[in-house]
1. Relative contact order of the range 229-353: what whole-number percent is it, with Cα pairs under 8 angstrom and at least 6 residues apart?
2. Once you charge only the Cβ atoms, +1 for Lys and Arg and -1 for Asp and Glu, what is the size of the charge dipole of the chain about its Cα centre, to the nearest 20 debye?
3. What number, rounded to the nearest 500 deg cm²/dmol, is the helix-based mean residue ellipticity at 222 nm of the chain, given -39500 (n - 2.57) per DSSP H run of at least four residues and division by all its residues?
4. Nothing charged except the Cβ atoms of Lys and Arg (+1) and of Asp and Glu (-1): what's the magnitude of the dipole of the range 203-323 about its Cα centre? Round to the nearest 20 debye.
5. Write down the accessible area per residue of the range 67-315 in Å², having rolled a 1.4 Å probe over the full set of protein chains.
6. Counting alpha carbon pairs within less than 8 Å and at least 6 residues apart, what relative contact order, in whole percent, applies to the range 390-480?
7. About the Cα centre, and with charges only on the beta carbon of Lys, Arg (+1) and Asp, Glu (-1), how big is the dipole of the range 280-377? Nearest 20 debye, please.
8. State, as an integer percentage, the relative contact order of the chain based on alpha-carbon contacts under 8 Å between residues 6 or more apart.
Amino acid sequence: MIVVRSCDGGVLKVDGFRVRIFERLSLPPVRYRLKAIKEAGWNTFLLKADDVFIDLLTDSGVNAMSDRQLAAMMSAQDAYAGSRTYYEFLNAVEGVLGFKYVLPVHQGRAAEHVISKAFVKDGSVVPMNYHFTTTKAHIELAGGKVIEVPVKEALDRRSRYPFKGNVDIERLEEVLKAYRDRVAFVRIEAVANLLGGQPVSMKNVAEVRELCDRFRVPLIIDGSMIDWNVYFIKEREAGYGSKSLEDILREFVSYADVFYMSARKAPAVRGGFIATNNKGYYDRMVVHIPVYEGFLTYGGMSIREIAALSVGLREMVDENLVGSELELIKYIVEKLDNRGIPVVLPPGGLGVHVDAAEFLNHLPRNAYPAGALAAALYIASGVRAMERGTLSMDRDKDGREVYPDLELVRLAFPRRTYLKSHADYVVDRLTWLYRHRDLIGGLKWVHEPPILRFFLGRLEDIGNWGEELLMAYLRELGEY
Ligand code: F0G
């Protein structure tokens, strides 16, 4: 954002880019939307993108790319091995993040796979601020267990604590003491996705580093959304307001022994990588790249994406470009909060997070309130959000439901993609749904996959409530 002083006092934040390529959107009528969500098994992952008006499923792989990224793709050098584009990529990683050794992979979960193979064994534990779905799956598949140590404010959606992604230092120390040799590594996710896109402070990462040194365990940072974490440090942490995004980023990642990211997020491409300055860790991981990803100089990514990634890494700390969607998220969250609609506070990164357990407090958790609300939102608006609650957890090994701390519906805002009129529409339709929340019932399984069930699972509405919601909509708002 370009930040200037306003003539009325205060500051104005103005987007430091303009849009020169656009994609036409269309809004399917409400009857069609009900039919589409039924065909998709009440799972927004299974909707066709053409049936979606405003796609807020994720920011992953759908951020707007820059003219410079597209230009770089055209001059990428395609070679199976040793491409010039790969060496330029190494330079970009070292220039922006300060790491010498780099392992390209096809996306973020591939990095988690390789890291888990290299560091996790049967009986290992991995303490972290909070899990992400794919991270947990890979650690468990390698025989390890995740132990979450978030600060207590993180689980209270009303708390406006500015760094709800922080690790509870005392609890981390207890875990490190209790498990000693079994700790594979400590992981920090910046920003913490499933806590509602909440950031980690510089002070906190420094304290975690100190503990890791004391207990001699590596610190691994998942920086898939590091651009947003850095923006929040600049905005919220004392002493960082006048530092550049570039310097804040460098300082933050300097605490990591190993850094990885899904490049589908902050750098706005499709891919991922792992980076480190520790040759021993590099050697432990590199053997897995040719087996699971591809040759070391492309790691499963298209060489064109690698070219765009090098540019994306630099744009990730460009003061003019970062923060546009964060301002949009803040705008929506404050409006919803003013209307009494339960949202995670303070406004974070990634998206608007609605507390579905509170929104639909007449539903039990095993009727999947977040799944039901995401489906109802699609019916009432054509907006596609993502369930981030009970459905996004898998059952335990005895087949019992595992209830996460937060039952959220996430409306993710891809970088530099949507406009204020879209934000106003989202607020309007969520408000309408909130007024009619008693019409929304639960969901039950039709087909439940055993692992990462939220991706491909199929459900249906208990008691046919979709039809009632449709009737109310037609009566009050018409065909659209
Ligand atoms: N780590 C974090 C913090 C993530 O948010 C994601 C993906 C991954 C790892 C895995 O990366 O998708 O490239 O394999 N998050 C996406 C989301 C899917 O919608 O939040 P991936």
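The values are calculated or read from the model by the stated rules, or taken from the named source; none is laboratory data. Being a predicted model, the structure only gives us computed values, none of them experimental. Neighbour counts run over all protein chains shown; Cβ positions are idealised from the backbone, glycine included. What goes into the accessible areas is simple: the full protein's heavy atoms, side chains included, and nothing from ligands, DNA or RNA. Shrake-Rupley method; radii C 1.70, N 1.55, O 1.52, S 1.80 Å.
1. Relative contact order comes out at 19 percent.
2. Roughly 280 debye for the chain.
3. The helix-only estimate for the chain comes to -11500 deg cm²/dmol at 222 nm.
4. Roughly 240 debye for the range 203-323.
5. Spelled out: the 1.4 Å probe surface of the range 67-315, per residue, equals 38 Å².
6. This gives 27 percent for the range 390-480.
7. Charge dipole, the range 280-377, about its Cα centre: 260 debye, nearest 20.
8. Relative CO of the chain lands at 22 percent.
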